[in-house]
1. Just 121, 278, 67 to compare: in a GNM of the chain, with alpha carbon springs under 10 Å, which one fluctuates most?
2. Please state, rounded to one decimal and in Å, the Kirkwood hydrodynamic radius that segment 174-296 gives when every pair of distinct Cα atoms enters the mean of 1/r.
3. Suppose only helical runs count, i.e. DSSP H with n ≥ 4. What mean residue ellipticity at 222 nm does that imply for the chain under -39500 (n - 2.57) per run, divided by all residues and rounded to the nearest 500 deg cm²/dmol?
4. Under 10 Å, Cα contacts only: if you run a Gaussian network model on the chain, which one of 390, 255, 230 comes out with the highest mean-square fluctuation?
5. Would you mind listing how long segment 174-229 runs along its three principal axes, going by Cα atoms, in whole Å with the largest first?
6. Calculate the translational D of segment 34-112 in whole µm² s⁻¹ from Stokes-Einstein, where the hydrodynamic radius comes from the Kirkwood formula applied to all Cα pairs, the temperature is 20 °C and the viscosity 1.002 mPa s.
7. Can you tell me the length gained on complete extension of the stretch residue 133 to residue 224, counting 0.36 nm per residue apart and subtracting the Cα distance?
8. Most fluctuating residue of 135, 225, 312 in a GNM of the chain with Cα springs under 10 Å: which is it?
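Coordinate-derived values only; no laboratory data. From a predicted model like this one, the values you see are computed outputs, not experimental measurements. Because the Cβ atoms are built from the backbone with ideal geometry, glycine has one as well, and the counts that use them run over all protein chains shown.
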């Protein structure tokens, strides 16, 4: 563990979270990294989740991983997942294990408070019980919330066939998760979350909700102008469904630019760094247009620390979104958006959420949140012209605004809250 020699005199915080590097959850991973230079020492208890995108953030703190089931794709692993899911649904199994594991550290250390970070509900019940039993203040960090997702997208795994009762089960599952989550939110000392929409939503349960955006690591994501041989539109991420983001406007604009003899597949490319399920969605949508498939390149997911080089060589950075509404996504301002801000490349949001994301793009002057196909066409034509003239693209962002989206600055916000709510404060 880095900095262990100086940790003797640090105040300790117990962090419980549903996922942690190397798999994902850069928000907590970067927080632990930047806490190394503060008076706080984090000790993390989390679940083992497959993935290696954020391997470079491991070793920043003491982290214990609980393995509930193997995820090797075999029938036995799928059966074990189902057993764990049912045991958790009926008997709160995962939270019980989380409590037992975390208690070992509580008995060995003097903690000032508990921070619990989640995108859904688990492990909030475990955090609440530990907070109450050991009289430790509790801060809840909601990276995402169930209300932001359309339909059943909040469920991480595809539901098995339940004789036509899948929607009934999903509704019950949603009700149970919200019931358990809101019980914790109402008594937490403080809640942190990731967008103005999320703040307003969660204030229904607790008036003390603080906005700490997602962000970018300034040591990785910074401006760098690299001339490129092709005009490249780049997407790095995944798409759960068309309700979360629809590339139709982009494809329509590319088709028109091709018809107008401006774009050619040799000179202009759309690069997708994504997973197989997203690629399938993209291919299906692109096939609806005569020649758009000719412009597409599909690549594997990359570790997060390899993404900056890809962005630096890109001409336009694509953010997939959709209009915020009752049946579509709401309030999502993902890490990929802030990383795009950090490298100061033109951002194309397709289509605009007509909410928080659009407002931030306008505030930072980082690109366009497209509401129409013409918006996309005009923006691509403008950035293409810049690329033809310079060999690269850039955008004059408002740096004083972008700085607040640095993860270093956000770590300072967390530290202020820790100092405010620490058990021995004052």
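1. 67
2. 18.3 Å is the Kirkwood radius here.
3. Dividing the helical sum by the residues of the chain leaves -12000 deg cm²/dmol.
4. For the chain, modelled as a Gaussian network with Cα springs under 10 Å, the answer is 390.
5. 54, 24, 17
6. Roughly 145 µm²/s, to the nearest whole number.
7. Roughly 27.7 nm would be gained on extension.
8. The residue with the greatest mean-square fluctuation here is 135.
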